[in-house]
Every structure is written in C-alpha cells, then in structure tokens.
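Here is the structure we will look at, set down as structure tokens.
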Amino acid sequence: MISMITINLLPPEDRVQQGPIFGMILLFLICVAFIGLTGFGYFALQNVRDDLTDQIETRKKTLEEKRKALQEIAEKENQIQKLLKRQDLILKISMSKINWAEKLYDLAKIVEKHDIWLKGIQLDDNRKVLVVKCLSKGRNEKKVADFRKAIINSRNFFSIFESVEPYKDLRPVKLPYQTKTEEEKWALSFTLTFKLKPQTSLTQKPQQ
C-alpha cells in the first residue's frame, strides 16, 4: 500500500494558518459565561441596593413621624404646665385677702400709659412677693425707670407692697416679627419684684 505525503513548500508567512478551533470556541464560551455572570451579579447587587434604599427611606419616614409625635407631646406638656401655673395663680388670688382683680386692673392702667407689655405675673407665697415680667418697646432705659417710678407712686396699686426690688435682668431682646424700622425690632426685657407687706397689713383698706 502506497501512502502519499504532502509537503507544503510555501514560505511560513504565505502558509494558511489553521488555529485551534476548539480552543477558540471554548474561549468564546468562557467570555459569554463571564459576561452573563457579571450582568447577573450587577442586577443582583442593584436589587439589594434598591431594597436597602427602600428600608432606609421607610425608617427615615418612621423616625420623622415619631419625631413629630414627640414634638407634639412636648408642646402639649408645655401647654399643660402653663395652664397649671395659671390655675395655681388663680387659686392663690382667690384665697388671698387682697382684691387682686382691682390691683391688676390698676397695674394694667399704668402699663398702658407707658407702652409696656406684660410677659407674665407670678405670686410667690414663700417669698411673699409678686413677680411681674415685662417688655418695654425700644431700648430706652429711661422709659423703664419712669414706669417703675409710676408704679411706686400709684397709691391704689402700691399700697399693699412694702418695696420693689431693683431689676437686675434688664437686657435688650429682639422681637420675633417684622417691623418697619430697625429700632422697632428691639425691646427691653426686665422683671419687677414687689415685696408684700406683712399679712397683718394686707387686710387694711388701701389709701385713696
């Protein structure tokens, strides 16, 4: 039996290259699998990220709702405390031998004449004092001094008091609303503390 041997006499650069087809197919399949796994991993991570984002937003919303609820509770508790203080003041006034309605009316008339605002009134039984917190429009300290002097000179109001303490907390404060001028934005905050006369003199009729 005669066998034929074929010899390619062409130079190497002119010969037809016969690459490993199986290797190329395998490489192609590996690339396709890698791309597929990469895409799957990307979308899987995207879903995880979206789930975590939704959870974070839900918790933020829950925390915001709780914060608002706590704020509302704090505001209501503050209102209750203010009402209790007012109730306590009314009770003290009703049990007192002094006609406080008349005295507060006299004080209101003096306040109106001197352009003063009342921030609060407190009757302290332990110290036997009446504490009046005020605001004076502007930053004119002389107006505050004139107001204090007018109170002391008022027989109807001041007759039940022994003295008024010097105000130690006089300070400028900025008002929390819009005003026409810069000066109108300011007021002087101060406290007047009136010391009541001994209880024996509280039942006496005020001098006219």
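For the stretch 157-168, the condition of being free of Cβ contacts under 8 Å to residues at least 24 places away in the same chain, closer than 14 Å to Ser189 by Cβ and among the charged types (D, E, K, R) holds for at least one residue.
When the residues of the stretch 189-204 are filtered to those that are at pLDDT 75 or above and closer than 15 Å to Asp124 by Cα, the one that is surrounded by the fewest Cβ atoms within 10 Å (Cβ to Cβ) is Pro198.
Scanning the stretch 142-161 for residues that are modelled with pLDDT of 85 or more, more than 25 Å from Lys197 (Cβ to Cβ) and either in the same structural domain as Lys197 (by TED's automatic domain parsing) or out of contact with any Cys (no Cβ under 7 Å at 6 or more places or on another chain) (or both) turns up at least one hit. The residues in the stretch 162-188 that are outside any helix (DSSP H, G or I) and either modelled with pLDDT of 90 or more or surrounded by 10 or more Cβ atoms within 10 Å (Cβ to Cβ) (or both) can be counted, and the count is 14.
Is it the case that Leu89 is of a type in the set (A, V, I, L, M), modelled with pLDDT under 75 and touching a strand residue (DSSP E or B) at 6+ places or on another chain (Cβ under 8 Å)?
Spelling it out, Leu89 is indeed of a type in the set (A, V, I, L, M), modelled with pLDDT under 75 and touching a strand residue (DSSP E or B) at 6+ places or on another chain (Cβ under 8 Å).
The values are calculated or read from the model by the stated rules, or taken from the named source; none is laboratory data. Every value quoted in this text rests on a predicted model; they were computed, and no experiment measured them. For neighbour counting, all protein chains shown are included, and Cβ atoms are generated from backbone atoms with ideal geometry for every residue, glycine included.
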